[in-house]
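The values are calculated or read from the model by the stated rules, or taken from the named source; none is laboratory data. The structure displayed is predicted, hence computed values, not measured ones. Neighbour counts run over all protein chains shown; Cβ positions are idealised from the backbone, glycine included. Note: areas computed on protein heavy atoms with side chains; ligands, DNA, RNA excluded. Shrake-Rupley method; radii C 1.70, N 1.55, O 1.52, S 1.80 Å.
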Amino acid sequence: MSGINYSEKIPNNVNLSEDRTLQRALEHWQPNYLQWWQDMGPEGSQNFDVYLRTAVSVDPAGWAQFDHVKMPDYRWGIFLNPAEQDRKIHFGDHMGEAAWQDVPGEHRANLRRIIVTQGDTEPASVEQQRHLGLTAPSQYDLRNLFQINVEEGRHLWAMVYLLHKYFGRDGREEAEALLERNSGSEDNPRILEAFNEETPDWLSFFMFTYFTDRDGKFQLCALAESAFDPLARTTKFMLTEEAHHMFVGESGVGRVITRTCEMMNQLKTDDVAKLRAAGVIDLPTIQRYLNFHFSVTIDLFGADQSSNAATFYSSGLKGRYEEGKRDDDHILKGNTYKVLDVQNGALVEKEVPMLNALNEVLRDDYIKDSMAGVERWNRLISKAGIPFRLQVPHKAFHRNIGTLAGVKTSPEGRVVSAAEWEAKKNEWLPSEQDRAYVASLMGRVVEPGKFANWIAPPVMGINRQPTHFDYVRFN
Ligand SMILES: [Fe+2]
Ligand SMILES: [Fe+2]
């Protein structure tokens, strides 16, 4: 592989052509990455020409270049946001000191763990979504799926760059392992639970990109504050791409809702059976999918009380969301925060040291941000004149991590018995029948400008192209 000009093949702003160590590491890793893409990437799509956005630099003219490309030839690049001169650490015990340009020995293990955990989610979602191309409701949607897939691939590159560049042999081993774990695998699964769930249909995909890619946004925002400057600069650039993923989710769910409301008005009914017979997804089913994806995603923030979270913050590895905009002391030693506890089977609030509750702080910021989009979905429903509101479930609902894992509640947060949970869970979470019904709607629509019956067309196309543009050439 040594004849390859990596600097040409891999768009970058990290001086790749002059960094022999990094080049040598990539010479081993890159062919394995391509093999992983063949084996685990989008199924049956290798030969399609897809209208994709590629980043070739970080400036406004360069980070979004559109063209039809075959995905295995996508130019996965390595980009860091420009360095901030004399950047200082702005939270934790090292506040005021110069940001680190290298990894301090005492934080090496924790930083590696943070980078590996973030890196693991990126290829995981590609694996979770690998069959969806076979049932895309339109060329427009197929293109958006593939755009997200190649960018999650680039996010893997972003984390692998840090591992190769700053973590020596350990880093190279971790980079290999990122290609060896697989979503949902029995013996070598992905690190985090939500990334081992299936994404079996397009409603799940839109919910995933709305809720779970938003978890990505919050994690990346917290890492963009890091004292380890290369991590901060890498994650800042990743955030520019993440915005599109959440857009696909929000507009995707919105288009499903729009189509359902149209049919409800046309048939003048909210009868689930009639709406299903008409081939649209009833609003209660959308609510159950929302409940599932929201609850599984908020688990990703980790235990409500965590000494690791305190260590990561105090040592400057991971900040809070928008750390720079907060007006406390950014050390948080005497501060407290309210978390939920379960006492005698009931939910009660209790105050704990804020440093230990930083996972909960980030989760609460995330919840606020998620609710805003759900309100925008509700506006679509009320504009159609339909008296139905989607609700974000209580944060104790259907939890699997931390204190709340020990309690069963309704979506409103009322503690329920095991018997009531069993009796009601199919009203609260997607049932087998719901999933089978949604699956029955899935079927690939390939003609440009045509959309499956269960989803409305988008308001506009990608990169100012019309909605009937040939976003994917199947060849
Ligand atoms: Fe990502
Ligand atoms: Fe993403």
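Observations on the model:
- Whether the range 9-61 is rounded, prolate or oblate, judged on the alpha carbon gyration tensor where a/c under 1.5 counts as rounded: oblate
- Scanning residues 5 or more positions from Tyr337 or on other chains, those with amide H under 5 Å from its amide H are Val352, Met354, with H placed 1.01 Å from N in the peptide plane.
- Expressed as a whole percent, the accessible surface of the range 23-172 that belongs to carbon and sulfur atoms is 46, based on a 1.4 Å probe.
- Axial C-alpha extent at least 24 Å, average Kyte-Doolittle at least -1.0 - helices from the chain (DSSP): 108-128, 139-166, 229-267, 358-383
- For the range 192-265, size of Cβ-based charge dipole, Lys and Arg +1, Asp and Glu -1, in debye: 260
- Accessible area of the range 250-372 belonging to carbon and sulfur atoms, whole % at 1.4 Å probe: 51
- By the Stokes-Einstein formula, at 0.692 mPa s and 37 °C, the range 54-132 with its Kirkwood radius over alpha-carbon pairs has D equal to 200 µm²/s.
- Positive-end ranking of Leu26, Met95, Asn291 along the dipole of the chain, with charges on Cβ about the Cα centre, is headed by Asn291.
- Charge-dipole axis of the chain as Lys and Arg at +1 and Asp and Glu at -1 on Cβ define it, positive-most pick from Ala452, Leu178, Ala309: Ala452
- Binning the C-alpha pair distances of the range 397-444 at 5 Å intervals from 0 yields a P(r) profile of 5, 19, 23, 18, 13, 11, 7, 4, 1 %, listed from the shortest bin outward.
- Taken per residue, the accessible surface of the chain reaches 41 Å², heavy atoms only and a 1.4 Å probe.
- Rg and Dmax [Cα atoms of the range 436-475; Å; Rg one decimal, Dmax integer]: 11.9, 36
- Residues Met354, Met71 ordered from highest to lowest accessible area at a 1.4 Å probe: Met354, Met71.
- What the Cα convex hull of the range 347-441 gives, in volume per residue, is 144 Å³.
- Theoretical gain in end-to-end length, His468 to Glu432 [0.36 nm per residue, Cα-Cα removed]: 9.5 nm
- Average projected area [Cα convex hull, the range 87-157], square nanometres: 6.8
- Cα→Cβ-extended label distance, 7 Å offset, between Ile331 and Val56, nm: 5.0
- Taking Cα centre as origin and charging only the Cβ of basic (Lys, Arg, +1) and acidic (Asp, Glu, -1) residues, the dipole magnitude of the chain rounds to 980 debye.
- Selected from Leu300, Ile281, Thr117, residue furthest toward positive end of dipole (the chain; charges at beta carbon): Ile281
- Stokes-Einstein D in µm²/s, Kirkwood radius over Cα pairs - the range 258-342 at 20 °C with 1.002 mPa s viscosity: 124
- Measuring against 30 Å, Cα to Cα, the residue pairs Lys268/Lys395; Lys318/Lys338; Lys88/Lys350; Lys70/Lys395 contain Lys268/Lys395; Lys88/Lys350; Lys70/Lys395 as the ones spanning a longer distance.
- Test item: Cα-centred dipole of the range 67-174, Lys/Arg +1 and Asp/Glu -1 on Cβ, debye: 240
- Between Glu27 and Lys350, the FRET efficiency from the beta-carbon distance, with R0 = 41 Å, is close to 0.15.
- Global geometry of the range 327-398, whether rounded, prolate or oblate, following the gyration tensor of its Cα atoms and the 1.5 cut on a/c: oblate
- Once Rg and the Kirkwood radius are both taken over the C-alpha atoms of the range 264-419, their ratio Rg/Rh works out to 1.08.
- Whether the range 146-263 is rounded, prolate or oblate, judged on the alpha carbon gyration tensor where a/c under 1.5 counts as rounded: oblate
- Cα-based radius of gyration for the range 33-78, normalised by 2.2 N^0.38 Å, reads 1.25.
- Protection proxy ranking, highest mean first, for peptides 430-436, 395-401: 395-401, 430-436, where packing is the per-residue count of other beta-carbon atoms within 10 Å, averaged.
- Sequence ranges 360-370, 457-467, ranked by mean other-Cβ count within 10 angstrom, highest first: 360-370, 457-467
- Square roots of 5 times each gyration tensor eigenvalue, C-alpha, the chain, largest first, Å: 36, 31, 19
- Quotient of C-alpha Rg and 2.2 N^0.38 Å, computed over the range 68-191: 1.28
- Computed helical MRE - 222 nm, the chain, DSSP H runs ≥ 4 contributing -39500 (n - 2.57), nearest 500: -15500 deg cm²/dmol
- Cα convex hull, the range 1-154: 157 Å³ per residue, rounded to a whole number.
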